[in-house]
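Taking it in order: structure first as structure tokens, then the write-up.
Derivation of every value follows stated rules applied to the coordinates shown; laboratory data play no part. Remember, it's a predicted structure, so these values are computed and weren't measured experimentally. Don't worry about glycine lacking a Cβ; one is built from the backbone with ideal geometry, like all the others, and counts go over all protein chains shown.
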Amino acid sequence: MTRIQGFLCAAVLAAAGGEAGAQATLTFGGSDAIGSILDRQNVAFSACANERGAGKLKINFVQGEQLGTDVQVIEQMMQGSVHLYGDVLDWYANWVKDFAILAWGFTFRDGDHMQRFLDSEVYKALVEKLRKEQGLRILAAAPTQPRILFSKKPVASLADLNGVKMRVPEIKTYLTLWETLGTRPSRLAWGEIYLGLKTGVVEAAEGPISSAYSAKFHEAVKNVIRTDHLMSSAHITVNEKTFAGLAPDQQKVLTDCATEAVQTTRRNAVAETEDVVRKMAAEGATVSPIDKAPIQARAKEGVAKMERDGAWSPGLWDTIQKL
């Protein structure tokens, strides 16, 4: 445990039970690179809650990976030593399996398709399951940017992925997807990817465009491939006991600020995507398209196996395709 983790594990909620006039001091954890689109979202949320809280809320946002990896921060949130967390929804597949569908390539056609899923009763059931079973309340969520590939060598076809040692997140669906596509998945924390690519510990990595740009993946390796294999997401979540202990006006501030922050992230994501790609090219990266049809077909072949293996509920992928 790091020094800051130990300090924050000792922190307690300053106000509980919704006492009038009491201030709640909440620790907010993230893990994205400072300046990335999700980091900016979390900064904006914190500023909004602190301002509208009018002395009744104080959000302490701890940037980067000072609190640990995503899984570690989520576990701290479950324990209550961290009260809020903002990142992508995919990580919750470690506790509610149907969130894994968010990490399966080419499930969503675009951001609007993902938003229809986030507005659906199917998604709302997942949110409720996470709240009841793990004590985590998702305050707001939205689609953001496509995830793309960064590689030491050019990748122009599905065959070029064969045998590539590739960093993927510690989410079973990611691991299985990239194994299905022929790579050799390797696990590294987000903050270690740049060095891993630079030194050759891994030969490729993937990530949301703006977050990967902030982490300088395009400087570590020069080949940027527009696979657009996943629509990424943004969310802000709170520990349920912490939320229940707040006064109604404090709860409303957190909910309103979270909704505004993730929707602003969605708008910014659309505007930034192509601009960031142009910046990568201007800074020396070779940005190239790829014939996605064979990759999509290979990913679709894996759906039946994933459902047989219990990765998510049978029929979930087909249900999403009909939205």
Check your understanding: Going down the list K56/K252; K129/K305; K58/K252; K165/K305; K165/K300; K97/K132, which pairs span over 19 Å between their C-alpha atoms?
Key -> K129/K305; K165/K305; K165/K300
Revision key, fill the gap. In whole µm²/s, the translational diffusion coefficient that Stokes-Einstein assigns to segment 3-316, given a Kirkwood hydrodynamic radius over C-alpha pairs, 4 °C and 1.567 mPa s, equals 65
**Study point:** Measure of compaction for segment 159-295 (Cα Rg per 2.2 N^0.38 Å)
**Key:** 1.27
Point to revise | Cα→Cβ-extended label distance, 7 Å offset, between K292 and E170, nm | key: 3.0
**Study point:** Rounded tilt (10° steps) of 248-282 against the dominant C-alpha axis of the chain
**Key:** 30
**Study point:** Residue of A156, A215, A44 that the Gaussian network model of the chain assigns the largest fluctuation, springs spanning Cα pairs under 10 Å
**Key:** A156
Exercise for review: Using R₀ = 51 Å, calculate the FRET efficiency as 1/(1 + (r/R₀)^6) where r is the Cβ-Cβ separation of A47 and A159; round to 0.05.
Suggested key: 0.60
Point to revise | Segment D249-R187, extension gain: residue separation times 0.36 nm, minus the distance between their alpha carbons | key: 18.1 nm
Review point. Taking Cα atoms, how many degrees apart are the long axis of helix 121-134 and the longest axis of the chain, rounded to 10 and kept between 0 and 90?
Key: 60
Revision key, fill the gap. Rounded to the nearest 10, the angle in degrees between the Cα long axis of helix 292-308 and the longest principal axis of the Cα atoms of the chain comes to 60
Practice item. Kindly provide the helix-only [θ] at 222 nm of the chain, computed as the sum of -39,500 (n - 2.57) over DSSP H runs of four or more divided by all residues, to the nearest 500 deg cm²/dmol? Key: -13500 deg cm²/dmol
Practice item. Assuming 1.567 mPa s and 4 °C, estimate D for segment 125-199 with Stokes-Einstein, Rh taken as the Kirkwood radius over Cα pairs, in µm²/s. Key: 87
